[in-house]
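Report on one structure; see the data block that follows.
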């Protein structure tokens, strides 16, 4: 059993350490840009084709969560199964569908890919450990499906998931075949923020944290913002530099509508 290998006390220390690292990452990324996508930087290692990099970076968490679910004695109980389905919905899309939709020949530095693989694997331990082992063994899920925060969290997650899909679609279709110019994305939540895809992803994991009602979920939401918040700020500056008044007159925020 997972909980026989890692005690609850050790697991809680793990959550604290992960939260502390997220704060450090959040601060660091305001000084050092994560060099992939529009902000590609070769100093993070040799380039890997984006389609390959995204699959290799995201699939570890999908596979690890599936293994942890399968090995659990509570795999068929309603609450763990529902949370598992929500989590895997995102990572199935991100691991196996999103990469196949990527256009062009863009690349990702191998260092960024490897860091993503490491975090995703640790996150599977963080989320799967709580959902499939510690929580059910403590009776945490008793009467779970009658509690409002599961439904509220699931609704927030689905809003974020749909926003993320739509925003990715907008970005993917900014260029016509053969075009290499950059454009300002418009429509949907791009009316309010310059990084609507990141806003959608952040909302997904805020919703998941509410639905799971767990510190593990909160730490993951914190990590999501620690990564995407500074990146949205870097992209905002890049848009300002490249498009000038054409961009600034839109009066968008970076990642959270009306706030930041």
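Against the conditions (1) more than 30 Å from residue 144 (Cα to Cα); (2) surrounded by fewer than 21 Cβ atoms within 10 Å (Cβ to Cβ); (3) touching a residue at least 12 places away in the same chain (Cβ under 8 Å), residue 230 satisfies every one except (2).
Scanning segment 207-217 for any residue that is touching a helix residue (DSSP H, G or I) at 6+ places or on another chain (Cβ under 7 Å) and either over 19 Å from residue 90 (Cβ atoms) or surrounded by fewer than 21 Cβ atoms within 10 Å (Cβ to Cβ) (or both) turns up at least one such residue. Among the residues of segment 213-260, the ones that are more than 18 Å from the chain's Cα centre (by Cα) and in a helix (DSSP H, G or I) come to 12 in all. When restricted to residues that are in a helix (DSSP H, G or I), over 28 Å from residue 126 (Cβ atoms) and touching a residue at least 24 places away in the same chain (Cβ under 8 Å), segment 159-188 contains 5. Can you find a residue in segment 120-132 that is free of Cβ contacts under 8 Å to residues at least 24 places away in the same chain and either under 18 Å from residue 158 (Cα atoms) or crowded, with 16+ Cβ neighbours inside 10 Å (or both)? No, there is no match, as no residue in segment 120-132 is free of Cβ contacts under 8 Å to residues at least 24 places away in the same chain and either under 18 Å from residue 158 (Cα atoms) or crowded, with 16+ Cβ neighbours inside 10 Å (or both).
The helices (runs of 4 or more DSSP H) found wholly in segment 1-106 and carrying at least 3 residues that are buried (at least 17 other Cβ atoms within 10 Å of the Cβ) and at pLDDT 90 or above occupy 8-28, 50-71, 78-92. Total residues in segment 173-186 satisfying the condition of being surrounded by fewer than 14 Cβ atoms within 10 Å (Cβ to Cβ) and either farther than 15 Å from residue 247 by Cβ or touching a strand residue (DSSP E or B) at 6+ places or on another chain (Cβ under 6 Å) (or both): the figure is 6. Filtered by the rule that a residue be surrounded by 15 or more Cβ atoms within 10 Å (Cβ to Cβ) and either at pLDDT 95 or above or assigned to a helix (DSSP H, G or I) (or both), segment 107-119 gives 110, 111, 112, 113, 114, 115, 116, 117, 119.
The values are calculated or read from the model by the stated rules, or taken from the named source; none is laboratory data. No experiment lies behind these values; they were computed from the predicted model shown. Cβ sites come from the backbone with ideal geometry, for glycine too, and all protein chains shown count toward neighbours.
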